[in-house]
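Engineer: This is the structure I want to talk about, given as structure tokens.
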Amino acid sequence: MSENSESNLWKRNVFVLWFGVFMTGIALSEVMPFLALYIDTLGDFSKNELTFYSGAVFAITFLVTAIVSPFWGKLADRKGRKLMMLRAALGMAIVLFLMGYVSNVWELFALRALQGAMGGFVSNSNALIATQTPKEHAGHALGILVTGMTAGNLLGPLFGGTLASLVSYRMSFHITGVILFLVFLLTLFLVKEEPVKISPRTARASTAQLWQAVPNKQLILGLFITTMLVQTVNTSINPIVSLFVRELTHNASNTTFIAGVVAAMPGIATVIAAPQFGKIGDRVGTDRMIKIGFMIAVVAFVPTAFVTSIFMLMVFRFIVGISDATMLPAVQTMLTKNSPMAMTSRIFSYNQSFQAVGSVMGPMFGALIASMFDYRGIFIFSALLIVLNAILFNFNVKSLKKDESATKA
């Protein structure tokens, strides 16, 4: 294969998979504006029952994802990442389409759980790009993928809310299912995966056996925890963002719109900055980029606890997005560099599991801290979590460098 065609191949993979992870992000977040309203049409519920069912139906997708992701990752390492992406895209397309036909809340709960079980598109997209992209472009390519997922999560509520208002709740699920089927077709015909040669002995080995051969276990576990804590911090504000905005605007009539803009700020910043920071990370070192991200996050969160205007809240939330753009592609790149080829998908799937756990923990901690210390306490709590994250990461990187020095000696 010529150098030019090889370049076009990985670039095409990135382009197609960007759309795939973008639509996956849409599918995961689009129900936020109308999930409770949809559930309310499925029965006669009290306020407390509606709150409970809405929380359970939303959270079950992430809980199941956290449990099943490692299984799909193991299968991907043996059978190929593209096959797992096709399975995930087709599975999600069918499940989302069927959500438009449910007749009670338990059917919706079961399908949301099945949606989590069908996951793996994002983690396997990352794994495929990480293993099929030239090393000198890996950080940039993974940075682009991060913008796809982030943009999907960002625009999902807007997409879902607009669809639901233009057509109906049920039709919005049907349309999303059709779009995910398009992702399946694009992946099938346009994504190319060069087979990775793995010895029969390695292919038969269990995850535990392969894990024993990983040289930097502590670093990889540390990166999983970094991902989980970053996601916890990112989602901790979700339960109270509209309430905090209402407090700052003194109950203005356009609170909902302003809250949507505030919630969008981190995503907008990440979409803008992640590809560029991925390039910089390829040059200056990924561990350094992560440390810079920690510093930016602390600088953003602490002052947020003392804001008195919506404008300053938006500014600091935008800076939080810049810190995400600094850290997230760098974490993916470090995982790539320190993962054996035979278990790259498994490593990325475990990382997705930790991220899903963070998606569940964040709103829970946010609601708890807000009830104990008011809304502003969440931002101080987030800053403390970031400091803890930075200390653990710094310790892991130092241990890695000591091991490398000892090996060379």
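The values are calculated or read from the model by the stated rules, or taken from the named source; none is laboratory data. Keep in mind that this is a model prediction, so the values were computed, not measured. We place every Cβ from the backbone using ideal geometry, glycine too, and count neighbours over all the protein chains shown. Protein only, heavy atoms only, side chains kept; ligands, DNA and RNA dropped before computing areas. Shrake-Rupley method; radii C 1.70, N 1.55, O 1.52, S 1.80 Å.
Engineer: Looking at the square roots a ≥ b ≥ c of the eigenvalues of the Cα gyration tensor of the stretch 234-279, which shape do they give, rounded for a/c under 1.5, prolate if a/b is larger than b/c, or oblate?
Structural biologist: Prolate, since a/c reaches 1.5 and a/b exceeds b/c.
Engineer: I need to check one value: relative contact order of the chain, counting alpha carbon pairs closer than 8 Å and at least 6 residues apart, in percent.
Structural biologist: It comes to 26 percent, rounded to a whole number.
Engineer: Positive end of the dipole of the chain, charges at C-beta (+1 Lys, Arg; -1 Asp, Glu), about the Cα centre: which of V191, T255, L17 has its Cα farthest in that direction?
Structural biologist: Ranked along the dipole, the leading option is V191.
Engineer: A follow-up question, please. Please work out the C-alpha center-to-center distance from the stretch 17-72 to the stretch 336-353 and express it in whole Å.
Structural biologist: The two parts, judged by their Cα centres, are 26 Å apart.
Engineer: Ok, one more. What ranking of T344, T41 comes out by heavy-atom accessible area, probe 1.4 Å, highest first?
Structural biologist: T41, T344
Engineer: Carbon-plus-sulfur fraction of the accessible area of the stretch 59-125, 1.4 Å probe, in percent?
Structural biologist: Carbon and sulfur together cover 77 percent of it.
Engineer: Can you sort M99, M149 by 1.4 Å-probe accessible area, starting with the largest?
Structural biologist: Correct descending sequence by accessible area is M149, M99.
Engineer: So, with a 1.4 angstrom probe, what is the percent of accessible area on the stretch 306-374 that is carbon and sulfur?
Structural biologist: On the way: 1960 of 2570 Å².
C and S atoms contribute 76 percent here.
Engineer: What accessible area per residue comes out for the stretch 319-391, rounded to a whole number of Å², with a 1.4 Å probe?
Structural biologist: So the stretch 319-391 comes to 34 Å² accessible per residue, rounded to a whole number.
Engineer: Same structure again: When the Karplus curve 6.51 cos²θ - 1.76 cosθ + 1.60 is applied with θ = phi - 60°, which whole-Hz ³J(HN,Hα) does each residue of the stretch 167-179 get, with x for Gly and Pro?
Structural biologist: Whole-Hz 3J(HN,Hα) from phi for the stretch 167-179: 10, 6, 4, 5, 5, 5, 5, 4, 5, 5, x, 5, 5.
Engineer: Another question about this same structure. Sorting L188, L166 by accessible area (1.4 Å probe), largest first, what list results?
Structural biologist: L166, L188
Engineer: If you don't mind, another one. Per residue, how large is the accessible surface of the stretch 257-307? Use a 1.4 angstrom probe and give square angstrom.
Structural biologist: Details: 2190 Å² over 51 residues.
Solvent-accessible surface per residue comes out at 43 Å².
Engineer: What chymotrypsin sites (Phe, Trp or Tyr not before Pro) in the stretch 89-142 are in a loop by DSSP, with at most 14 other Cβ atoms within 10 Å of the Cβ?
Structural biologist: For chymotrypsin sites (Phe, Trp or Tyr not before Pro) across the stretch 89-142 that sit outside H, G, I, E and B with at most 14 neighbouring Cβ atoms in 10 Å, the list reads Y101.
Engineer: Distance in nm between label sites at N338 and L188, each 7 Å beyond Cα in the beta-carbon direction?
Structural biologist: In this crude label model, N338 to L188 measures out at 3.9 nm.
Engineer: Divide by every residue of the chain the summed helix terms, -39500 (n - 2.57) for each DSSP H run of at least 4, and state the resulting mean residue ellipticity at 222 nm, rounded to the nearest 500 deg cm²/dmol.
Structural biologist: After summing the helix terms and dividing by the residues of the chain, the value is -28500 deg cm²/dmol.
Engineer: Give me the orientation-averaged projected area of the Cα convex hull of the chain, in nm², one decimal. Before the final figure, lay out the partial values.
Structural biologist: Values: hull surface 82.6 nm².
Approximately 20.7 nm², given one-decimal rounding.
Engineer: On to the next question. Name the longest site-free stretch of the chain, where the excluded sites are trypsin sites (Lys or Arg not before Pro) in a DSSP loop with no more than 14 other beta-carbon atoms within 10 Å.
Structural biologist: Longest stretch, sites excluded: 198-409.
Engineer: For the pair K79/R283, report the inter-label distance in nm, with labels modelled 7 Å from Cα in the Cβ direction.
Structural biologist: The two pseudo-label positions are separated by 4.3 nm.
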